[in-house]
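Comments concern the structure below.
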Amino acid sequence: VTDHDLVIRGGRVIGADGETTADIAVDGERISAVATGLRGRREIDAAGLYVIPGAVDGHVHMRTDRPVDVYDDTFESGSVAAAFGGVTTFVDQAQVEPGTPLMEGFASRRREAEGNCLIDYGIHLNPREPSLERVAEIPAVMAEGCPTVKLFMSYETYRLPDDIIYRAMQQVAAAGGMAVVHAENGAIVAELSRELDQLGRTEPSWFPHISPPVMEGEAAHRALALARLAGCPLLIFHLTTVESLTELRRARDAGQPAFGEVLLHHLLLGDELYDDPDLAPQFMGTPPLRSREHRDALWAAVSDGSLDVISTDHGPRRRVADETGALRHQAGTSGVEVRLALMHSEGVLKGRIDRSRWVEVCCTGPARLHGLQRKGRLAPGHDADIVLFDPRAERTLSADVLHSAIDHSTYEGTSVRGWPVVTISRGEVLVAGGELRAQPGRGRFVRRSYAAGPLPFS
Ligand SMILES: [Zn+2]
């Protein structure tokens with residue numbers, strides 16, 4: 001009997017396809033065995049703990065160099081927060097400014113992450129210039145390990161017209177990738193904003209009116225139609241309404257390779273927060289928080305598989321002092337450190353999803369959907385990205401116990417039951433005993449692909 005480098009002994013090993021009590025052996029950076037009676041030169045006792053694949057957050061925004069739309073978690077602070085939250089891989093975005101060649105924008109985003117990240121990371125390509133010249137540059141960037149291309153239908157200087165989206169989707173499909181779309185009707189969102197301004201309706205309580213559910217449904221329908229026309233697999237980011245879920249289900253029922261993401265805050269927080277002028281500014285991005293009817297539909301879709309992944313869109317900002325010196329929230333939410341725990345408390349413990357579905361939507365599903373071939377599963381040959389989760393640990397969420405470089409938590413004061421207590425990435429312990437055990441900068445850019453295995457959508 002040869003000893004393994006590391007054995008995690010006697011935990012409850014939970015996968016997307018079921019659970020069992022077993023040991024996990026790690027040699028080098030990979031998992032080498034899942035069995036009983038394994039021995040290692042180092043051992044971690046996991047009795048009484050859940051042992052799950054490192055979580056994957058497919059939608060985060062770390063700080064970038066540009067002058068506007070900047071977030072306050074850097075690749076360093078954000079990846080440390082992620083690791084404390086049981087996340088071992090996240091996927092950020094290269095939002096390439098109009099006028100900049102896509103390869104240059106992609107390379108510069110890679111340089112911002114390189115040497116700063118604690119965990120492994122991928123990068124979505126986000127072309128923002130509505131030109132066929134840029135569209136033609138997409139395949140070369142995809143060949144750099146970036147099979148996912150984010151396309152905005154909303155926001156000035158981000159949004160692309162339908163003809164460009166269609167042409168971009170053709171390129172993505174031909175190169176074996178997946179389009180990722182922010183599906184809102186940008187012209188109507190902008191017009192409804194102007195309308196509210198003209199009517200003097202500037203209080204936060206009016207904010208959700210700029211993105212009515214019927215128009216999110218329209219945009220989802222259009223994104224799906226364009227993807228179908230282009231023959232391109234599609235992931236719709238942050239679905240929030242009954243109407244867009246109906247469109248997604250209809251496309252899937254017709255056999256279209258289409259997928260849906262929901263964000264943590266759209267599941268957990270309701271539009272009544274817009275009546276709180278102190279808290280509301282955090283949620284003044286679109287799509288907005290929704291009513292109970294829509295949130296119940298989102299939970300049902302997470303449970304029945306209509307929605308594939310839960311992400312955070314992590315992009316928090318520190319509060320800033322106003323002219324009176326009072327600290328005011330800015331738009332942007334934090335979530336990367338608390339998603340696993342909140343989905344356990346609010347999903348598993350409240351009976352909305354079972355433990356396997358929890359692992360699927362937080363770990364295995366995002367890895368598969370984003371082409372992270374060796375992530376998201378506890379199986380021999382996969383990267384040894386492993387989280388030990390204590391289902392009895394209790395925390396009250398606040399900036400004091402969390403690790404983001406911000407002065408508050410989006411879920412401030414929320415109590416959770418269950419918390420990640422050990423986070424391992426490629427066989428290296430990142431977090432244990434509430435302490436950081438590894439150095440930021442060790443995280444690697446992961447070349448993602450759908451080529452080595454069956455397409456998630458084939
Ligand atoms: Zn985002």
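The values are calculated or read from the model by the stated rules, or taken from the named source; none is laboratory data. Source: prediction; values computed, not measured. So basically every Cβ, Gly included, is an ideal-geometry build from the backbone, and we count neighbours across all protein chains shown.
Looking only at segment 67-112, how many residues end up being over 25 Å from GLY434 (Cα atoms) and β-branched (Val, Ile, Thr)?
Number satisfying all stated conditions: 4.
Can you confirm whether segment 41-55 contains a residue that is within 16 Å of the ligand (Cβ to nearest atom) and either hydroxyl-bearing (Ser, Thr, Tyr) or in contact with a strand residue (DSSP E or B) (Cβ under 7 Å, 6 or more places away or on another chain) (or both)?
Checked against the condition, which is being within 16 Å of the ligand (Cβ to nearest atom) and either hydroxyl-bearing (Ser, Thr, Tyr) or in contact with a strand residue (DSSP E or B) (Cβ under 7 Å, 6 or more places away or on another chain) (or both), segment 41-55 yields no hits at all.
Working only within segment 152-186, note down all residues that are part of a strand (DSSP E or B) and more than 18 Å from THR286 (Cβ to Cβ).
Result: MET178, ALA179.
Please work out which one of (1) in contact (Cβ under 8 Å) with a residue 40 or more places away in the chain; (2) on the phi < 0 side of the Ramachandran plot; (3) within 22 Å of the chain's Cα centre (by Cα) is the condition LEU224 fails and give its number.
Of the numbered conditions (1) in contact (Cβ under 8 Å) with a residue 40 or more places away in the chain; (2) on the phi < 0 side of the Ramachandran plot; (3) within 22 Å of the chain's Cα centre (by Cα), the odd one out for LEU224 is (1).
What tally of residues in segment 357-404 results from selecting those that are polar (S, T, N, Q) and surrounded by fewer than 16 Cβ atoms within 10 Å (Cβ to Cβ)?
Number of matching residues: 2.
Within segment 192-204, identify whether any single residue is within 16 Å of the ligand (Cβ to nearest atom) and surrounded by fewer than 23 Cβ atoms within 10 Å (Cβ to Cβ), and answer yes or no.
no
For ALA82, are the conditions met, namely being buried (at least 24 other Cβ atoms within 10 Å of the Cβ), under 16 Å from ARG426 (Cα atoms) and either at pLDDT below 95 or within 16 Å of the ligand (Cβ to nearest atom) (or both)?
yes
When you scan segment 235-252, how many residues do you find that are farther than 22 Å from TYR274 by Cβ and within 16 Å of the ligand (Cβ to nearest atom)?
2
Step by step: first the residues of segment 308-333, then only those that are assigned to a strand (DSSP E or B) and more than 16 Å from the ligand (Cβ to nearest atom), then the one that is surrounded by the fewest Cβ atoms within 10 Å (Cβ to Cβ). Which residue is that?
By that ranking, first place goes to ALA321.
Show the residue pairs that are 6+ apart or on different chains and have beta-carbon atoms under 6 Å apart, the first residue being within segment 49-76 and under 16 Å from THR423 (Cβ atoms), the second being of a type in the set (Gly, Ala, Ser) and more than 16 Å from the ligand (Cβ to nearest atom).
Close Cβ pairs satisfying both conditions: LEU49/GLY11; VAL51/GLY11; PRO53/GLY376; ALA55/GLY86; VAL56/ALA367; VAL56/GLY376.
Looking only at strands (runs of 3 or more DSSP E) that lie completely in segment 1-93, which have at least 1 residues being β-branched (Val, Ile, Thr) and under 22 Å from GLU114 (Cβ atoms)?
Because the criterion is at least 1 residues that are β-branched (Val, Ile, Thr) and under 22 Å from GLU114 (Cβ atoms), the strands (runs of 3 or more DSSP E) in segment 1-93 that meet it are 55-57.
What residue, of HIS265, HIS294, HIS209, HIS221, is within 16 Å of the ligand (Cβ to nearest atom), modelled with pLDDT of 95 or more and not polar (S, T, N, Q)?
HIS265
Here are the criteria: (1) within 25 Å of VAL446 (Cα to Cα); (2) assigned to a loop (DSSP other than H, G, I, E, B); (3) small (Gly, Ala, Ser). Tell me which single one ALA367 does not satisfy.
All conditions pass for ALA367, except number (2).
Can you confirm whether LEU248 is out of contact with any helix residue (DSSP H, G or I) (no Cβ under 6 Å at 6 or more places or on another chain) and closer than 17 Å to VAL149 by Cα?
No, not satisfied.
Would you be able to say whether some residue in segment 281-288 is more than 24 Å from ASP69 (Cα to Cα) and not aromatic (Phe, Trp, Tyr)?
No, there is no match, as no residue in segment 281-288 is more than 24 Å from ASP69 (Cα to Cα) and not aromatic (Phe, Trp, Tyr).
Determine whether ARG292 is more than 16 Å from the chain's Cα centre (by Cα), among the basic types (Lys, Arg) and closer than 25 Å to PRO204 by Cβ.
Criteria met by ARG292.
Quick check on ALA405: is it over 25 Å from ALA301 (Cβ atoms), of a type in the set (A, V, I, L, M, F, W, C) and touching a strand residue (DSSP E or B) at 6+ places or on another chain (Cβ under 7 Å)?
no
Could you tell me which of the residues THR100, THR89, THR36, THR74 is away from the ligand (no atom under 16 Å from the Cβ), of a type in the set (S, T, N, Q) and buried (at least 22 other Cβ atoms within 10 Å of the Cβ)?
The conditions single out THR89.
Would you confirm, using the coordinates I've provided, whether GLY305 is away from the ligand (no atom under 16 Å from the Cβ), under 30 Å from ARG355 (Cβ atoms) and without any contact (Cβ under 8 Å) to a residue 60 or more places away in the chain?
It is true that GLY305 is away from the ligand (no atom under 16 Å from the Cβ), under 30 Å from ARG355 (Cβ atoms) and without any contact (Cβ under 8 Å) to a residue 60 or more places away in the chain.
Starting from segment 318-333, keep only residues that are in contact (Cβ under 8 Å) with a residue 12 or more places away in the chain and at negative phi, then list their pairs with residues that are surrounded by 10 or more Cβ atoms within 10 Å (Cβ to Cβ) and of a type in the set (Gly, Ala, Ser) whose Cβ atoms are within a distance under 6 Å, requiring at least 6 positions of separation or different chains.
Filtered contacts from segment 318-333: ALA331/GLY285.
With the structure loaded, tell me whether PRO287 is within 16 Å of the ligand (Cβ to nearest atom) and under 19 Å from GLU218 (Cβ atoms) or whether it fails that test.
yes
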